[in-house]
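The values are calculated or read from the model by the stated rules, or taken from the named source; none is laboratory data. Please read these numbers as outputs of a predicted model, since none were measured by experiment. Cβ: placed from backbone, ideal geometry, glycine included. Neighbour counts: every protein chain shown. These accessible areas exclude ligands, DNA and RNA; they are computed on the full protein's heavy atoms, side chains included. Shrake-Rupley method; radii C 1.70, N 1.55, O 1.52, S 1.80 Å.
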Amino acid sequence: MQHAPTPETLRAWRIELGMTQAECASLVFLADGKRWSEYERGVVPIDPARFELFAIKLGRHQDYVPAARMPAPGSMVPA
């Protein structure tokens, strides 16, 4: 389960799907692949909402749980 979007995750998912950086950028409403390249190189962190959209569109959202939605360590999780 992925807890935070990393440059490695972005690149791995893109390569696994055979997509270009420009295609990924377009998928999440970026003008071109330049910003996506910056995300993958770790120059600029991807916004968590944009990454969540990317994960949903790829059908990988079950692999990604934003830290803000994770239960605190030791807390009870409702059944």
Problem - Accessible area (Å², 1.4 Å probe, nearest 10) - LEU58 - result: 40
Completion exercise
Largest-first ranking of VAL43, VAL28 by accessible area, probe 1.4 Å, whole protein assembly kept, is VAL43, VAL28
Handout entry: Solvent exposure ordering (accessible area, 1.4 Å, most first) of LYS34, LYS57
Key = LYS34, LYS57
Handout entry: Cα-projected label distance for LEU17 with LEU30, points at 7 Å along beta-carbon direction, nm
Key = 1.3
Handout entry: ASP47 accessible area, assembled protein chains, probe 1.4 Å, Å²
Key = 80
Fill in the blank from the handout: For the stretch 1-61, dividing by residue count, accessible area per residue (probe 1.4 Å) in Å² works out to 59
